[in-house]
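Chemist: A single structure is presented below for examination.
The values are calculated or read from the model by the stated rules, or taken from the named source; none is laboratory data. Computed from a predicted structure; not experimentally measured. Cβ: placed from backbone, ideal geometry, glycine included. Neighbour counts: every protein chain shown.
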Amino acid sequence: MDSNRTNELVAAAKEGDHRAFEELVRETYADTYTLAYRLVGDEEDARDVVQETYLRAHKGLKKFRGDAQLSTWLHRITANCASTFLGRRGRHRYDQLSEDFELADDVPDRDPVFQADLGDLRSNLVAALMELPPKLRTVVVLRDIYDLSHDAIATELDISESAAKVRLHRARKRLRESLYPMGEEQAHAV
Amino acid sequence: MPSENSSGKGRGLTTAPLQTNCETFSLQLAGAVDGEELDPTAKSHFETCLRCQAELAHYKKLLRALASLRDQRLAVDDTLVNEILLALQPGGTVHRLQRLGAASRSRKAAYIGGIAAAATAGAAGALVIASRLAARQRLAS
């Protein structure tokens, strides 16, 4: 959906047009679900997080000033809901994503060399992400996949910006170690 | 893990202090990949350490792969839309996230209730014992 249409729908939804909000939900729910699933690692839990996200978005829509994109605003709410959810659940699950999980949509990278390497790397990466402790996974997903700022991540997770950065660096390090284990031979080979 | 330093004399294997450096700067490397400021010591180490440069190249690939996940949408059935829209209606479905909060509150209430019941039982027991002791003392005198 183009940004003009999104802005029109947001404006209408703010005025109480339920149809407009419904259309926004239909346009964005798959993206919101994908993020929620990456954060909580479970299908049912992700559905609950998505529902809560739209409840909060509906309640807070009047506060949305349009400084950021609607998608970024929704990502922040999703992150906050997922964080609350993981806290309430009281324990963290480390469910593996199935190697053959279904993808509905995928925009290919234009660099053919990178694209050739990407297939295997991406499925290994998804598995490695799910093995991270949720606190580390949340930060790396929000920063490196969804491009949220350190400040936004810190706010939504209720942690300091420096704590968010430390978690990010630890998460990246673990992912790098998992995907590119550096043996002595490799180190000497470079 | 030994590492190699391109600036070292004769490009020999590094000694223990340099291994320590690689580990010391390891987390900074994870931040350097997207342009975070480095302290001068770490910067000069990265410029001369081939092992760290190889790691940095891996971090760059990792970040590109992570960014490529942004365009993926996981398949989800459209019943989710109906669930969301139902939840938005007045008196809509209460989902598990809210139920988890409610369950936590009721567990807390049950816990406090349990403590109160135990305290009442304890107090009653103490009264019975005290009255029996008093009765024995009266009988003895």
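Chemist: Scan the stretch A:1-15 residue by residue and report those that are under 22 Å from the mean Cα position of the chain (by Cα), assigned to a helix (DSSP H, G or I) and over 13 Å from residue A:74 (Cβ atoms).
Modeler: A:3
Chemist: Is at least one residue of the stretch B:76-89 under 30 Å from residue A:168 (Cβ atoms) and modelled with pLDDT under 75?
Modeler: Scanning the stretch B:76-89, I find no residue that is under 30 Å from residue A:168 (Cβ atoms) and modelled with pLDDT under 75, so the answer is no.
Chemist: Considering (1) buried (at least 20 other Cβ atoms within 10 Å of the Cβ); (2) over 16 Å from the mean Cα position of the chain (by Cα); (3) in contact (Cβ under 8 Å) with a residue 40 or more places away in the chain, say which one residue A:57 fails and leave the rest.
Modeler: (3)
Chemist: Related question: Among the numbered criteria (1) over 19 Å from residue A:129 (Cα atoms); (2) at the interface with chain B (Cβ under 10 Å from one of its Cβ atoms), which one does residue A:77 miss?
Modeler: For residue A:77, the exception is condition (2).
Chemist: If we keep just the residues of the stretch B:90-127 that are within 19 Å of residue A:58 (Cβ to Cβ) and either modelled with pLDDT of 85 or more or of a type in the set (Val, Ile, Thr) (or both), which is nearest to the chain's Cα centre (by Cα)? First the steps, then the outcome.
Modeler: First pass over the stretch B:90-127, keeping only residues within 19 Å of residue A:58 (Cβ to Cβ): B:90-98, B:101.
Add one more test, that the residue is either modelled with pLDDT of 85 or more or of a type in the set (Val, Ile, Thr) (or both), and what stays is B:93-94.
Details: B:93: 30, B:94: 27 Å.
Top of the filtered list is B:94.
Chemist: Of the conditions (1) more than 10 Å from every other protein chain (Cβ to nearest Cβ); (2) closer than 20 Å to residue A:84 by Cα, residue A:162 clears all except one; give me its number.
Modeler: (2) is the only condition that residue A:162 fails.
Chemist: Please tell me if residue A:14 is surrounded by fewer than 18 Cβ atoms within 10 Å (Cβ to Cβ), at pLDDT 90 or above, among the basic types (Lys, Arg) and over 17 Å from residue B:76 (Cβ atoms).
Modeler: yes
Chemist: What helices (runs of 4 or more DSSP H) lie completely within the stretch A:30-145 and have 2 or more residues being at pLDDT 90 or above and in the same structural domain as residue A:10 (by TED's automatic domain parsing)?
Modeler: Passing ranges, in order: A:43-60, A:70-89.
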